[in-house]
Each structure stands twice: as structure tokens, then as C-alpha cells.
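Every number in this text was worked out from the coordinates using simple rules, so none of it is lab data. What you see is a predicted model, and the numbers here were worked out from it, not measured in a lab. Reconstructed Cβ throughout: ideal geometry from the backbone, glycine too, with neighbour counts over all protein chains shown.
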């Protein structure tokens, strides 16, 4: 059986539909940064997703090539994730998607090194005929966070965030979002195949004790 991050780390990928406090360990990611509306057809966000998956699957299938990764074992490519913010906005203004800044990421297994990553970017660029040079090897240490499973369309997230905020207030915590600690989403549903009311999205916010 291929290693599946969602199953092995359920506490980070499969939270309940009520808020919970977690300490998220440091991990490495494939990342692409950008700006603009994620729904724009053929826009920067959709291009970024193509690059992420091109690099991710090049690494996943590397064992079938001449390139050997030390310590490699077969694994399921983890779900797409995103860190989001808007300049001069506290939280997220879902009504103004054109002003989004984002870092889209896919988690990497621990055995993938920067050298392996660089090989995958170069290989994916050649084989997929897709410029993957905007992909970066990014280490993120989220630390103390609150998270919840949001069920439904992305535009309904504010109500779920309000539940998270109320939980923090009741339990002596406060949001700790800044230019380094950001609104974080993990996408567990394929939006092309699943009805919006059934979309599952982990929402995670950085927090601190009051």
C-alpha cells in the first residue's frame, strides 16, 4: 500500500466539523506564489496548479526512471493546499477575489531533498513542455493553530471562520495572522467532480494564547 498522508496524519488532514487546536510540525512543500482571482479561466492560479502537479507527479513516479531518490517509498500525492491573504485586509474578503495573494502548495515526503526537487522541476519542464521554474522548495513551520472541516462552497467559509473565532474567544486564544502566518486551506474534494455543497476543505488559522 502506498503511503497516504491523509490517512497517516489524520489529525492534520481530517479534522472534525468543530474547531480543534493542533500544533502543526515543520514540513517541506512544492510551492508557487501568485496574485489574482483563483476562478479566472486560464489565470495565474490555474497555471500554478498545473505546475504543482507536474512537479509532484514527476517526483512520485521517479522510481520508474533512472533517477533514484535516497530513502524513496511509494506514496499518494498529498492534497492541494493554499495560503491566502489580501493587502491591508484583516482576515479574508471573499467578495473581492481579484485582490487575493496566494501561495499554493503540495506537501513533500521527508525523503525529498532540494536536489531531488530541482531535478523534478527540470524534468517536468522538459517532459511536460511546461515552464515549472516558478516552483520553489518551501519549508513551512505552522506551529500552534486552530482548524476545522468546512463543508460546502468556499464563499460560505466566513460562517465557519466565525465558529472558529468564537471557539478561540471561549478558550483563551487569539488569531495570530501576519505576513508570515496566514489563512490556510486544504482541499480534500475534486471541485470538478463533486457538487459545491459537498466540498470538504480544512480551514486552519495560526493562533496564540491570550
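Summary of computed values
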| read-out | value |
| --- | --- |
| Among 123, 65, 139: highest mean-square fluctuation, GNM of the chain, C-alpha pairs under 10 Å | 65 |
| Globularity index of the range 27-139, i.e. its alpha-carbon radius of gyration over 2.2 N^0.38 Å | 1.14 |
| Ellipsoid equivalent to the range 149-210 - semi-axes via the Cα gyration tensor, in Å | 25, 13, 8 |
| Net lengthening on full extension, residue 26/residue 101 (0.36 nm per residue, minus Cα-Cα) | 24.8 nm |
| Extension reserve of the residue 151-residue 68 stretch, reckoned as 0.36 nm per residue once the Cα distance is removed | 25.9 nm |
| 19 Å reach of a label modelled at residue 35, 7 Å along Cα-to-Cβ, counting backbone N of the range 82-96 | 83-96 |
| Choice from 193, 35, 127 with maximal GNM fluctuation in the chain (Cα, 10 Å cutoff) | 193 |
| Centroid-to-centroid separation of the range 27-81 and the range 132-210 [C-alpha atoms, Å] | 20 |
| Along each principal axis, Cα extent of the range 94-158, largest first, Å | 41, 29, 20 |
| Cut-off 17 Å (backbone N to label point 7 Å along Cα→Cβ of residue 94), residues of the range 158-178 | 158-166 |
